[in-house]
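See structure below.
The values are calculated or read from the model by the stated rules, or taken from the named source; none is laboratory data. As the structure is a prediction and not an experimental result, all values here were calculated from the model. Don't worry about glycine lacking a Cβ; one is built from the backbone with ideal geometry, like all the others, and counts go over all protein chains shown.
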Amino acid sequence: MTEPEKPDDAPAEGEAEAAEAEGPEPETEPPAEAAEAEPAEAAEPKETDFEGPRRRARREREERRAAQARATAIEEARREAKRRVTGGPGPKKVGRGTVRGLKVLMWSALISVIVVGLGLLLYFTPVMSARNIVVVGLGAVTQEEVTAAAGVAPGTPLLQINTDTVAEKIAAIRRVASVRVQREYPSTLRVTVVERVPVVVKDYPDGPHLFDRDGVDFAIGVPPPGVPYLDTKNPGPNDAPTKAALEVMTSLRPEVAAQVARVDAPSVAAITLQLTDGRQVIWGTTDRTEEKALKLGALLTQPGKTYDVSSPDLPTVK
């Protein structure tokens, strides 16, 4: 039995298998329908081609903001990573204000140390000590009395001397009305004394006692010329008639006060003045004292024996 003959153009078995393995050959030319579709799609404009100028500017701004935000985020991430590696924030640059403040603080501390050192030197050493004690304003009080009352040893550093305490000691002298103590560098202690001035005098068994304008009995002795006698029961700084009589005497003009020989003050409402020539002044109370003193100066130029200024609106001369 004979095999059927194969056609000449039939592919061999090996060639057919190779053709099946390679697969179908690609088409070299697109179909006509696809070729016709591409121009149609290309002809249609994209949506973005219709974007206006404003929308484009807005889009560009948003893109820039987004880019800046990304750059900021990257920088923050880089700094955070650096902080984590170094274990804390990086060193900061010191400003000029901080440097200036540090310089001022340093100089202030240096000056303070120098001042404290000088103060200690002057306080504990006799570099500036009281080598001289100068007393001014003395009259009846002697310098020896003031120096003894002060109790300041020669050579005592001036800074160790309490001027208020020294002044209190000197003020204890009865004739001293007020005192002021000052340090005069480098080596002098200056004491200024104001003595009491007698305004009236009163006789006592042990002798005449001098009273100043405050009613203080500060001395026993012969009164200076022109000091009137005081006639009251209990003279003193707390006695009302004494204070009234002294108020009258200190309000008089000097030329009138020099003519008063005695002040009678049995009470604050019955004050009278006896003049050296025998004339009498009825003063009354201490109300309107300045006005009465002014009227009395004019009345004494008129002749008379009794001058009544108890009512300054109607002064009389008899």
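Scanning region 267-299 for residues that are over 18 Å from G226 (Cβ atoms) and either in a helix (DSSP H, G or I) or out of contact with any strand residue (DSSP E or B) (no Cβ under 8 Å at 6 or more places or on another chain) (or both) yields S267, V268, D287, R288, T289, E290, E291, K292, L294, K295, A298, L299.
Would you call A240 of a type in the set (A, V, I, L, M), farther than 15 Å from P198 by Cα and surrounded by fewer than 19 Cβ atoms within 10 Å (Cβ to Cβ)? It is true that A240 is of a type in the set (A, V, I, L, M), farther than 15 Å from P198 by Cα and surrounded by fewer than 19 Cβ atoms within 10 Å (Cβ to Cβ).
Within region 244-260, one or more residues are over 52 Å from the mean Cα position of the chain (by Cα) and free of Cβ contacts under 8 Å to residues at least 60 places away in the same chain. Selection over region 279-304 of residues that are modelled with pLDDT of 95 or more and more than 17 Å from E247 (Cβ to Cβ) gives a count of 2. When region 177-211 is filtered for residues that are of a type outside the set (D, E, K, R), buried (at least 16 other Cβ atoms within 10 Å of the Cβ), under 26 Å from E247 (Cα atoms) and free of Cβ contacts under 8 Å to residues at least 60 places away in the same chain, the ones remaining, listed by number, are A177, V179, V193, P198, V199, V201, P208, H209, L210, F211. Residues L246, L210: which one is modelled with pLDDT of 95 or more and not in a strand (DSSP E or B)? Being modelled with pLDDT of 95 or more and not in a strand (DSSP E or B) holds for just one of L246, L210, which is L246. Annotation note: of V263, V216, V191, the sole residue that is outside the structural domain of G278 (by TED's automatic domain parsing) and among the aliphatic types (A, V, I, L, M) is V191. A search for C-beta distances below 7 Å between a residue of region 287-301 that is assigned by TED's automatic domain parsing to the domain that holds L252 and any residue that is assigned to a helix (DSSP H, G or I) and surrounded by fewer than 16 Cβ atoms within 10 Å (Cβ to Cβ), counting only pairs 6+ apart in sequence or on different chains, returns T289/E247. Just one of the numbered conditions (1) surrounded by 16 or more Cβ atoms within 10 Å (Cβ to Cβ); (2) in the same structural domain as Y229 (by TED's automatic domain parsing) is not true of I170: (2).
Do we have V141 as surrounded by 11 or more Cβ atoms within 10 Å (Cβ to Cβ) and at pLDDT 85 or above here? Judged against the criteria, V141 is a match. Residues of region 281-300 that are among the polar types (S, T, N, Q) and surrounded by fewer than 17 Cβ atoms within 10 Å (Cβ to Cβ): T285 alone.
Residues in region 225-243 that are assigned to a loop (DSSP other than H, G, I, E, B) and either basic (K, R) or within 46 Å of the chain's Cα centre (by Cα) (or both): K233, G236, P237, N238, D239.
Quick one: is V222 part of a loop (DSSP other than H, G, I, E, B), in the same structural domain as S310 (by TED's automatic domain parsing), touching a strand residue (DSSP E or B) at 6+ places or on another chain (Cβ under 8 Å) and among the hydrophobic types (A, V, I, L, M, F, W, C)? In short, yes. Would you mind stating whether L159 is touching a strand residue (DSSP E or B) at 6+ places or on another chain (Cβ under 6 Å) and surrounded by 13 or more Cβ atoms within 10 Å (Cβ to Cβ)? The answer is no for L159.
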